[in-house]
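A quick write-up on the structure given underneath.
Nothing in this text is a laboratory measurement; each read-out follows from the coordinates by a stated rule. No experiment lies behind these values; they were computed from the predicted model shown. All Cβ positions, glycine included, derive from the backbone under ideal geometry; neighbour counts span all protein chains shown.
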Amino acid sequence: MLERFFHLRERGTDVKTELVAGVTTFATMAYILAVNPGILSASGMAFGKVFAVTAIASAIATLVMGLVANLPFSLSAGMGLNAFFAYTVCLSMGYSWQWALSAIFVEGIIFILLTFCNIREAIVNSIPVGLKKAIGAGIGLFIAYIGLKNAGIIIADPEGTISALSAHWFRADAGVP
């Protein structure tokens, strides 16, 4: 039954391979269940509720991708956008998370309209490949920065640069050289 529905042989795979791939993908993506609520709770959202919504939305998106699009892709929250939402829009700009979610809802409607009019594709195609790669790298570095800050490895440094390495991580009694 799975073979007929997903056309596994046609795609050069089998049920066992896909099950192992699914478990591996879950293991590599499970971090988002802790990190996403951690980031969004900084904006005032309840950690437990964001945890539940992250799990439910990820499951629904992944099921739709598998059952409707018939593609083996897992989907979840976009960490770069969530960090921008929490740390820039809510904390730095001072907007409430409710207001920011309303803005995202309106943005979603605009995005759907741009997609139906093929404007989104024209915009994406007009961006040079190098810039697309740089944007991805920049988002990754931003998320790493947030993780290092939350771990206490880097701290605020108002007298010098924006950030500094925490002295705790370099003390002899901290167990780190």
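Summary of computed values
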| quantity | calculated |
| --- | --- |
| Cα-based reach from residue 49 at 22 Å (exclusive), listing lysines while leaving out same-chain residues under 8 positions away | none |
| Choice from 87, 31, 95 with maximal GNM fluctuation in the chain (Cα, 10 Å cutoff) | 31 |
| Scattering curve values for the chain, log₁₀ I(q)/I(0), Debye with Cα scatterers, q = 0.14, 0.17 Å⁻¹ | -1.06, -1.32 |
| Most mobile of 119, 143, 32 in a GNM of the chain (Cα contacts under 10 Å) | 119 |
| Helical contribution to [θ] at 222 nm, DSSP H n ≥ 4, -39,500 (n - 2.57), averaged over the chain, rounded to 500 | -19000 deg cm²/dmol |
| Over the chain, relative contact order from alpha-carbon pairs under 8 Å, at least 6 apart, % | 12 percent |
| Helix runs (DSSP H) in the chain reaching 18 Å along axis by Cα, Kyte-Doolittle at least 0.0 | 15-29, 47-67, 97-116, 129-150 |
| Likely footprinting exposure, 18, 121, fewest C-beta neighbours within 10 Å first | 121, 18 |
| Pair-distance profile P(r), taking every C-alpha pair of the range 84-142, with 10 angstrom steps and integer % | 20, 30, 42, 8 |
| Candidates 45, 93, 79: whichever shows maximal mean-square fluctuation once the chain is modelled as a Gaussian network with Cα springs under 10 Å | 93 |
| Globularity ratio of the range 1-59, using Cα Rg and 2.2 N^0.38 Å | 1.59 |
| Difference of contour (0.36 nm per residue) and Cα-Cα distance, residue 16 to residue 145 | 42.6 nm |
